[in-house]
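What follows draws every value from the coordinates through simple rules; no lab data is involved. Bear in mind that the values here come from a model prediction, so they are computed numbers and not experimental data. Quick reminder, even Gly has a Cβ in these numbers, built from the backbone with ideal geometry, and neighbours come from all protein chains shown.
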Amino acid sequence: MIVLVCVLYYQLLEMARRLEMYGVRLHPAKDREGTKLSLAVSHIGLLVFQGHTKINAFNWSKVRKLSFKRKRFLIKLRPDLNQSAYQDTLEFVMASRDCCKIFWKICVEYHAFFRLFEEPKPKAKAVLFTRGSSFRFSGRTQKQVFDYVKDSEFQKKAFPFGPSQSSNGHQPSPINAHSSPLSSPLFTDAGYVRTDDEDEVRRKKCPTDKAYFIAKELLTTERTFQKDLAVITVWFQAVLGKEDILPDSVRTLINTNYDPVYQLHQAFLKEVEQRLQQWEGRSNAHIKGDYQRVGDVMLKNIQGLKQLTSLLQRHGEVLVELERSCRASQRLQELCREFEQQKVCYLSLNMFLLRPLHRLLHYKLILERLCKHYPPHQDFRDSRAALADISEMVLQLQGTMMKMENIQKLLELKKDLTGIQDLAIPGREFIRLGCLSKLSGKGLQQRMFFLFSDSLVYTSRGMTADNQFKVHGQLPLYGMTIRESEDEWGVPHSFTLFGQRQSVVVAASCVSEMVKWMEDIRMAVVLVEQSNRPSTDLLSTSRSDRKEGGVEAESEEELSASRSSLERQSAQRGNTTVHVCWHRNTSVSMVDFSVAVENQLSGNLLRKFKNSNGWQKLWVVFTNFSLFFYKSHQDDYPLASLPLLGYSLTVPAETENIQKDYVFKLHFKSHVYYFRSESQYTFQRSVPLATCCVVLSSVVW
């Protein structure tokens, strides 16, 4: 009986140790702007919560002084040389002076216990008058407790888990009479808190087969895909239901083409979740081999999808009809724009419309990895049959998919540009967008260039509410020649574009960017000359608005206001690919977009900042050249996002003291993030996908 109680106590401590909010008491407060927050204190330092989400943490090593004045709780921080915008004192307003003083006392006790080597000595009493509080922590500190456990003569005795031999009168006693009550299972013999690495053998053992991790990737990405479908079938439909402005034909088109797909994938997700539970041994089925497979479930789902091929072919029609309805109704256009500003719509609305077509590519890649790993295996036959079916569907829908991806990209660019007309016309294809420097009489001016199949358009960032880019000029590709001109102008990585009406000298940020631009422009020129089709005029502004002198003077002010970091919150259209390329001084091609569509990933990652001590477990979705962070996969919208274009990918050096496996590092200027995968398979999948984005800058491996 004593053994059972001890085991239960140990399991209770183990469970409590892994709960993030265990022992954390929230104290209501407000910041200087009046935002409702909650303050808490733990062994690592002060914590700031918004609701039940931790949004900030101040380590004890960074805190210089804690004080309060009436209802104001003050935190004075030590200077941080790595941060340019350093704030010395943080101020929070609490409900009353008593609440503020109580929280201050708790902070004093926590700080003394976890940071001091010995119990603080009481302050000498003043003879005439006192100043400040005389409150001090009394009792042993954490180090003193560790030293006591280490130096005492206490010795652990193993509990007998087998039947005791009471027949010979030598029944072992599980508890030493001289044992200390401080000897918790959380302490090791060395006298320190046991870490996760030392506890690895006590964790739940998961399957190590690669097929299991492939199936788990199927599950995690299916959860994200299910939420993406819900954006159209649930959230967008709810917004449209409030106002009867969408034509009945378009509403019927959306319902009949997306609802059956959504219902099919709901059932498929439940089957995959149940199969993974059986695979991990978390269900009543324990017959080895029967549940360690996923090909049969995928084959069943793909056969159901084949029956919906006609609906998938019409998803492009939904995109076109919705755009036509928006042009006809100003209110519908505003409604769609307002919906895209909601947190649940973390991508453009048109991208969600094409998600079912993109999901077919994901199934194909997953099944290819599964078949490559399997033979010989009992699940190989079902996986190969499913791969054959999905390959046939992808081949059948590939033409529709490529056409719709181009239209979707043109429609998205139309929202980012002002001063342009009829961008999404039949026959025009998007090729590349990116940042180049244009040489003028006032020197190099930062410009955003857009390369299409018939013309090259250059713009600058405007001062509109939607952060749109203002079109300054158009260079028809027909008859254009291109030549390197670094020696001629003395500008690194520069080249000259000779058009029929004008010539333009531009410079790239690096050699690789220059090579990409020159290759794509030359290819586009060859194609437009083979088609023998003249370029159409894209500009809708008057000629007086396109004078280069006035443009350059205006862009100087625009550039000074556009160098803010993309990591902070901004307007809805502030983190599009166009704006990221503008800030990171890089470019992206249509080929890059197609690769990003095929390579998407979801799952749990552990994130660590450069100056933080612990790792935070987050649900991360990798898509559209960005990482989107969720608290868990059940959240409806992301908490934050990190655009990866321009970031460098490396592995941590030994001097960075990251003593963990499967860790990769992303850094851009002073921004550094560490990400830790849960398994070698996830690490091998995450790094190449992130490389697809950061390879535009540099990769050190």
Quick one: if you stick a label point 7 Å off each Cα along the C-beta vector at Met518 and Thr252, how many nm between them? 5.7 nm
Grab the Cα-Cα distance for Gln11 and Lys76, subtract it from 0.36 nm times how many residues apart they are, and report the gain in nm with one decimal. 19.5 nm
Let's see if you can work this out: charge +1 on each Lys and Arg Cβ, -1 on each Asp and Glu Cβ, no other charges. What is the dipole magnitude of the range 376-501 about its Cα centre, in debye to the nearest 20? 520 debye
Quick one: order Thr650, Thr89, Thr623 by neighbouring beta-carbon count within 10 Å, fewest to most. Thr89, Thr650, Thr623
Quick one: net charge of Ser96's neighbours, Cβ under 12 Å, K/R +1, D/E -1? +4
Loop trypsin sites (Lys or Arg not before Pro), the range 10-47, which have at most 14 other Cβ atoms in a 10 Å radius of their Cβ (DSSP): Arg18, Arg25, Arg32
Nearest-0.05 FRET efficiency for Gln144 and Thr208 at R0 = 56 Å, using Cβ-Cβ distance, is 0.85
Over the range 605-682, volume per residue of the alpha carbon convex hull, in Å³: 106 Å³
From the cross-link list Lys62/Lys669; Lys65/Lys343; Lys242/Lys617; Lys36/Lys105; Lys54/Lys610, the entries with a Cα-Cα span beyond 29 Å are Lys65/Lys343; Lys242/Lys617
By its C-alpha gyration tensor, with a ≥ b ≥ c as the square roots of the eigenvalues, how is the range 317-360 shaped: rounded for a/c under 1.5, else prolate for a/b larger than b/c, else oblate? oblate
Of the GluC sites (Glu not before Pro) in the range 570-672, those whose Cβ has at most 14 other Cβ within 10 Å and which sit in DSSP loop: none
Towards the positive end of the charge dipole of the range 599-699, with charges on Cβ (+1 Lys, Arg; -1 Asp, Glu), say which of Ala653, Asn604, Val621 has the farthest Cα. Ala653
The range 21-53 to the range 610-683: how many Å between their Cα centroids? 24 Å
Based on other C-beta atoms within 10 Å, arrange Arg72, Arg584 from fewest to most. Arg72, Arg584
Test of understanding: extend the Cα→C-beta vector of Asp98 to 7 Å, then name every residue of the range 16-53 with backbone N under 18 Å from that spot. 27-29
What FRET efficiency comes out for the pair Tyr478/Gln333, r = Cβ-Cβ distance, R0 = 35 Å, nearest 0.05? 0.55
In the range 462-524, which trypsin sites (Lys or Arg not before Pro) are in a loop and have at most 16 other Cβ atoms within 10 Å, using DSSP for the loop call? Arg501
Full-stretch length increase - Lys343, Glu118 - with 0.36 nm per residue and alpha-carbon distance subtracted: 76.1 nm
Sorting Asp635, Asp379 on the 10 Å Cβ count, fewest up front, what's the list? Asp635, Asp379
Report the calculated FRET efficiency for Ser61 and Asn532 (r = Cβ-Cβ distance, R0 = 60 Å), to the nearest 0.05. 0.30
